[in-house]
Amino acid sequence: FSAMRFLNPSSRGSLIMAQLLLYVFLGSVAGYVTARLYKTFKGKSWQRATAITALGYPGLCFGSLFLMNFVAMTQSSTDVVPFSTIVVLLVLWFGISTPLVFFGAYFGYKQDAIEFPTNTTNMPRQIPEQPWFMGLPFSLMVGGILPFGACFVELHFILSSVWMDQYYYVFGVLFIVFLILVVTCAEITVLFTYFQLCGED
């Protein structure tokens, strides 16, 4: 939002509220995607999958907030989240987000399952001996260092502004760095997939 100049980063409350509302209203998309993927993989208990989608990640976030709020309350901190705000978050979660997840899942289960372009066989194949650069440690190291190197400089500026208690305003540059990160991750994915296909792994 800040990169597109919709919200000013100095108004932190409006930025967080916009992100929260966007997450709540995208619950229908989450339910739809969950339903389509679960149907594609021939899952049987679709109610449980939808409930985990609606309650899993928000429950983890709310549990963390509740725990940190409890610790702040015991220490008599001024950072305690008011009870009315917690009630509003619960209403957003159970009153809007959860029904939207089930609404999206209803339409997702009405759709046909996603069909894969190729068929796989159930007979296992012998995987040939792989060269040293196709091992797990090297693949993990290269797959992590290159994307990190693409965005390290901007990450340094973000963290220095956070540590010095300053506002971060350069969201246009941050968006460009994000695009560079996405392109770098996509290129590494294609490269390692090509290497694995060439090595018949």
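The values are calculated or read from the model by the stated rules, or taken from the named source; none is laboratory data. Bear in mind the structure is a predicted one, so any value in this text is a computation, not a measurement. Glycine gets a Cβ as well: all are built from the backbone with ideal geometry, and neighbour counts include every protein chain shown. Remember, those area values only see protein heavy atoms, side chains included, never the ligands or the DNA or RNA. Shrake-Rupley method; radii C 1.70, N 1.55, O 1.52, S 1.80 Å.
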Over region 128-171, the set of residues assigned to a loop (DSSP other than H, G, I, E, B), open to solvent by 90 Å² or more (accessible area, probe 1.4 Å) and at negative phi is GLU129, MET164, GLN166, TYR167, TYR169
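Working carefully through the options SER64, SER84, SER77, find the one that is under 21 Å from the mean Cα position of the chain (by Cα) and open to solvent by less than 80 Å² (accessible area, probe 1.4 Å).
Testing whether each residue is under 21 Å from the mean Cα position of the chain (by Cα) and open to solvent by less than 80 Å² (accessible area, probe 1.4 Å) leaves just SER64.
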Scanning region 16-43 for residues that are outside any helix (DSSP H, G or I) and of a type in the set (A, V, I, L, M, F, W, C), the one farthest from TYR106 (Cα to Cα) turns out to be PHE41
- Message: Can you confirm whether GLY143 is within 20 Å of the chain's Cα centre (by Cα) and more than 30 Å from LEU15 (Cβ to Cβ)?
- Response: yes
Evaluate region 101-111: report whether one residue or more is more than 30 Å from THR53 (Cβ to Cβ) and either basic (Lys, Arg) or surrounded by 12 or more Cβ atoms within 10 Å (Cβ to Cβ) (or both).
no
When (1) farther than 22 Å from LEU21 by Cβ; (2) hydrophobic (A, V, I, L, M, F, W, C); (3) without any contact (Cβ under 8 Å) to a residue 24 or more places away in the chain are applied to LEU60, the one that fails is (1)
Of GLN111, GLN130, GLN166, the only residue that is within 24 Å of GLY199 (Cα to Cα) and more than 20 Å from the chain's Cα centre (by Cα) is GLN130
Going through region 69-104 in order, the residues found to be touching a residue at least 40 places away in the same chain (Cβ under 8 Å) and farther than 17 Å from GLY59 by Cβ are PHE103, GLY104
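Return a yes/no flag: does region 97-120 have any residue that is outside any loop (DSSP other than H, G, I, E, B), modelled with pLDDT of 85 or more and farther than 25 Å from TYR23 by Cα.
no
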